[in-house]
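Each value in this text was obtained by applying a stated rule to the coordinates, not by laboratory testing. Quick caveat, the model's predicted, so the values are computed rather than measured. Neighbour counts run over all protein chains shown; Cβ positions are idealised from the backbone, glycine included.
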Amino acid sequence: MKVTLTIAGSDSSGGAGIQADLKTMCMNGVYGESVITALTAQNTTGVRAVLDSTPAFLEAQLDAVFEDIYPDAVKIGMVSQSALIHVIATKLQYYHPKNIVLDPVMVATSGAKLISDEAIHTLKEELIPLANLITPNIPEAEVLSHMKITSSKDMLKAAKKIYDTYGCAVLCKGGHQLNDANDLLYINNTYQWFYGKRIPNNNTHGTGCTLSSAIAANLAKGFTIQESIQRAKDYLSLALSAMLDLGAGSGPMMHNVNLKGIYSEEADNE
Ligand SMILES: Nc1ncnc2c1ncn2[C@@H]1O[C@H](COP(=O)(O)OP(=O)(O)O)[C@@H](O)[C@H]1O
Ligand SMILES: Cc1ncc(COP(=O)(O)O)c(N)n1
């Protein structure tokens, strides 16, 4: 069985963060492990409090996982403090896992800021260069590229700029656009669009977490980055289409969906 590790924050309402990641990994046929960077007291209407892990405790979690059940892929989500980002970067350089997907989580769907300004700087300096793929949404891509994004052309320009700066593949997610849900992959000096129909569901709490975990799970199973993104997008669309409606705000997605029909082939080395 392939193994995927999530390094992220806990979401008490179960829709994003560690909880979304583990549900996604389970549904995508891999064994999921979790290293928790922070506890959040949040629900569909907002984030009420954040309690960060200490750097020493984060280090202990990472060592415990890597020394025993070594993951085939790693997904990184919310990390709000520089010292924690530094620990993760140091440990990833030491254990060098094969597939690293980084979701540069900055602001929750509900509007709460999930990273300090100083930590954004450390993320750029220490962690993004270690990732194989980063998955910014449009506001995050604007921060990383230092430009405003108002069109598909801008998405391409920003993704190229991020790729040229950090040397990792970039999936610029288009969920924050008004019309379609098209995502742009920039990789090896070329690009590819992943087209998606916008599903009329405002319950999008955890879409970014789910997409990045599903990509990591599929990379762990041996699929290429392009195949993993397509499979992750198909999974996300199915989970959104189930039209779960929980909570007073932007609610979570349904993960216990019937996958029959969306995954037509399996990777050779599964
Ligand atoms: N209403 C929607 N219908 C279909 N796909 C969506 C919808 N909203 C977001 N997505 C998809 O969900 C993924 C996460 O995108 P996005 O919402 O931009 O990220 P984040 O959750 O990090 O803000 C992307 O693949 C995006 O295209
Ligand atoms: C612990 C944690 N991690 C990440 C997100 C972002 O998820 P989203 O942007 O989909 O609300 C979140 N709300 N909470």
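Some values worked out for this structure:
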| read-out | value |
| --- | --- |
| Stokes-Einstein D in µm²/s, Kirkwood radius over Cα pairs - the stretch 118-186 at 20 °C with 1.002 mPa s viscosity | 180 |
| Net charge dipole size for the stretch 100-156 [Lys, Arg +1 and Asp, Glu -1 on Cβ; Debye, nearest 20] | 200 |
| Lys/Arg +1, Asp/Glu -1 at C-beta; the chain dipole; positive extreme among Met254, Tyr166, Leu219 | Met254 |
| C-alpha center-to-center spacing [the stretch 28-56, the stretch 94-142] in angstrom | 15 |
| 17 Å cut-off, amide nitrogen to a point 7 angstrom out along Leu259 Cα→Cβ, residues in the stretch 13-40 | 20-33 |
| Cβ-based charge dipole, the stretch 3-241, positive-most Cα from Met27, Asn137, Ser80 | Asn137 |
| Nearby lysines by direct alpha-carbon distance to Lys23 (threshold 27 angstrom, same-chain neighbours under 8 apart not counted) | Lys2, Lys75, Lys91, Lys98, Lys113, Lys173, Lys197, Lys221, Lys233, Lys260 |
| Helix-only [θ]222 nm of the chain, DSSP H runs n ≥ 4, -39500 (n - 2.57) each, per residue, nearest 500 | -11500 deg cm²/dmol |
| More than 30 angstrom apart: percent of Cα pairs within the chain | 20 |
| Charge dipole (debye, nearest 20) of the chain; +1 at Cβ of Lys and Arg, -1 at Cβ of Asp and Glu | 760 |
| Under 20 Å from the Cα of Lys148 - aspartates and glutamates, other chains or at least 8 residues apart | Asp103, Asp117, Glu140, Asp164, Asp180, Asp183 |
| Net length gained if the chain between Lys153 and Gln93 were fully extended (0.36 nm per residue, minus Cα distance) | 18.1 nm |
